[in-house]
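**Q** I have a structure I would like to understand better, so I am pasting it below and will then ask my questions one at a time.
What follows is calculated from the coordinates using simple rules that are stated; it is not laboratory data. Only a predicted model underlies this, so the values are computations on that prediction, with no experimental measurement involved. Virtual Cβ from ideal backbone geometry, glycine too; neighbours counted across all protein chains shown.
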Amino acid sequence: MKKTIFTALAAIALTFTTFNASAQKLVSSTTHFKFFSSTPAENIEANNYKTVSTLEPATGEIVFSVPMQSFEFEKALMQEHFNSKKFLDTKTNPKAKLTGKIADLSKVNFTKDGSYPVDVDGELTINGVTNPVKEKATIIVKNGKVALTSKLNVTLDDYKIAFKSGKPSTNIAKTVEVTVEANY
Amino acid sequence: MTTKKKIFKIVLIVIGTGIIIAGGVGYYMFNKPARDVQNTETDFNYQASEIVNEYLMDSQKANDKYLDEAGNSKVLEITGTVAKISTDFNSQTVILLKDEGDKAGVSCTFTPETNANAENIKIGDLVTIKGVIRSGATFDEDLDMYENVIIEKSDIVASN
């Protein structure tokens with residue numbers, strides 16, 4: 001009898017713990033943002049490993065704070081162009097930000113292993129310019145750990161990022177691909 | 001006639017050399033390798049608390065002081081207590097220096113070349129790390145948490 005009560009109590013306690021764990025806001029500083037631009041002239045790639053992200057399983061709210069100077073290019077000159085006033089002006093706007101919400105949160109079971117494709121509605125701020133975005137992402141739950149991946153296409157002109165003339169204007173694509181991965 | 005020819009020849013050589021030098025400089029600039037932070041002179045030495053608090057007081061002013069328009073921002077040496085050790089997506093070691101009672105710390109990312117130097121560092125150690133600053137500490141309302149100062153291209157300068 002005592003044993004049954006104890007087991008029942010343990011089961012209840014366990015349920016509460018898992019419930020709490022899934023209700024808590026998740027924080028990730030293990031992230032990867034990849035910027036990829038492709039033109040006939042050349043392919044340009046940059047990587048960023050210092051983004052901080054939060055994901056609230058209860059509400060589906062997602063935030064990414066991206067330190068722009070952490071984008072690392074193969075060539076120093078490209079990196080300098082990227083940071084410059086003409087392009088992303090990272091001294092004035094050191095961070096880019098994505099705030100969003102999973103539109104179809106009911107599709108995701110944070111307590112069950114699986115890969116859940118979701119839609120994220122939100123706002124993206126780059127170079128001090130904010131635009132509404134609708135993106136597809138995948139939430140991956142594995143052994144109680146949550147991860148997110150996504151791929152977004154960013155049209156530079158929407159964020160007032162444009163080289164008027166010279167080499168960068170022909171060698172950087174008008175729309176760049178940004179790949180996101182985060183382990184919470 | 002011969003002197004004219006001579007002058008013409010000299011001018012041609014000068015112009016030719018000029019073109020070659022300009023081309024060489026251009027080619028070098030285009031292929032300039034990434035900045036070698038560890039061989040760049042340190043601009044500032046701080047305790048982790050000092051740079052964190054300077055940013056929390058006035059981030060605009062601190063950005064003006066430390067960030068560079070072309071991304072070649074200030075090189076710092078930060079001394080602090082190791083609060084966390086982790087690894088990023090690029091297999092680079094990340095050491096968080098955070099002094100007790102501080103709202104934020106300094107997150108230092110090493111490189112494939114310097115990772116090994118951080119191998120023996122333990123949580124609680126007092127270390128000095130050199131690297132380039134990428135962004136400052138701030139309270140972010142959307143994240144609803146404090147963000148750390150970010151230092152990259154790090155290496156250990158001193159440990160005990």
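**Q** Sequence gap at least 6, Cα distance under 8 Å: using those rules, report the relative contact order of segment A:42-116 to the nearest whole percent.
**A** Values: 92 pairs, mean separation 23.6, N = 75.
Worked out over segment A:42-116, it gives 31 percent.
**Q** Separation of segment A:111-184 and segment B:1-66 by C-alpha centroid, Å?
**A** 33
**Q** Continuing with this model, one more query. Report the relative contact order of segment B:37-160, percent, no decimals, based on alpha-carbon pairs under 8 angstrom and at least 6 residues apart.
**A** On the way: 284 pairs, mean separation 35.9, N = 124.
Here the relative contact order equals 29 percent.
**Q** Which aspartates and glutamates have a Cα less than 19 Å from the Cα of A:Lys107, not counting those fewer than 8 places away in the same chain?
**A** A:Glu56, A:Glu61, A:Asp119, A:Asp121, A:Glu135
**Q** I would also like to ask the following. Evaluate peptide A:91-103: per residue, the Cβ atoms of other protein chains within 10 Å of its Cβ; return the mean as an integer.
**A** Mean number of neighbouring Cβ atoms from other chains: 3.
**Q** Follow-up. Distance cut-off 24 Å, Cα to Cα: go down the list A:Lys86/B:Lys98; A:Lys85/A:Lys136; B:Lys61/B:Lys84; A:Lys142/B:Lys103; A:Lys151/B:Lys74; A:Lys85/B:Lys65 and report the pairs above it. Please report the intermediate quantities before stating the final value.
**A** Numbers: A:Lys86/B:Lys98 36 Å; A:Lys85/A:Lys136 31 Å; B:Lys61/B:Lys84 28 Å; A:Lys142/B:Lys103 31 Å; A:Lys151/B:Lys74 32 Å; A:Lys85/B:Lys65 17 Å.
Where the Cα-Cα span goes over 24 Å, the pairs concerned are A:Lys86/B:Lys98; A:Lys85/A:Lys136; B:Lys61/B:Lys84; A:Lys142/B:Lys103; A:Lys151/B:Lys74.
**Q** Percent of alpha carbon pairs in segment B:62-160 separated by more than 23 Å? Intermediate results must be reported in sequence, preceding the final value.
**A** Numbers: 1122 of 4851 pairs.
Of all Cα-Cα distances in segment B:62-160, 23 percent exceed 23 Å.
**Q** Cα axis of helix B:2-30 to longest principal axis of chain B: angle in degrees, 0 to 90, nearest 10?
**A** 20
**Q** Which loop GluC sites (Glu not before Pro) in segment B:74-160, with loop taken from DSSP, have no more than 14 other Cβ atoms within 10 angstrom of their Cβ?
**A** Details: sites: B:Glu77, B:Glu100, B:Glu113, B:Glu119, B:Glu141, B:Glu147, B:Glu152; in loops: B:Glu100, B:Glu113, B:Glu119, B:Glu141.
Loop-located and lightly packed - B:Glu100, B:Glu113, B:Glu119, B:Glu141.
**Q** Pull up the cross-link candidates among the aspartates and glutamates for A:Lys91, meaning alpha carbon to alpha carbon under 19 Å and not fewer than 8 places away within one chain.
**A** Of all the aspartates and glutamates, those that pass the test against A:Lys91 - Cα under 19 Å, at least 8 places apart if same chain - are A:Glu72, A:Glu80, B:Asp43, B:Glu54, B:Asp58, B:Asp64, B:Asp68, B:Glu69, B:Asp140, B:Glu147, B:Glu152.
**Q** Taking 0.36 nm per residue of sequence separation and subtracting the Cα-Cα distance, how much length would be gained by fully extending the chain between B:Phe30 and B:Asp58, in nm to one decimal?
**A** Numbers: separation 28, 0.36 × 28 = 10.08 nm, distance 3.66 nm.
Length gained, B:Phe30 through B:Asp58: 6.4 nm.
**Q** Within 10 Å of each Cβ of A:24-32, how many other protein chain Cβ atoms are there on average? Before the final figure, lay out each step's value.
**A** Values: counts 0, 3, 0, 3, 0, 8, 5, 2, 3.
Mean number of neighbouring Cβ atoms from other chains: 3.
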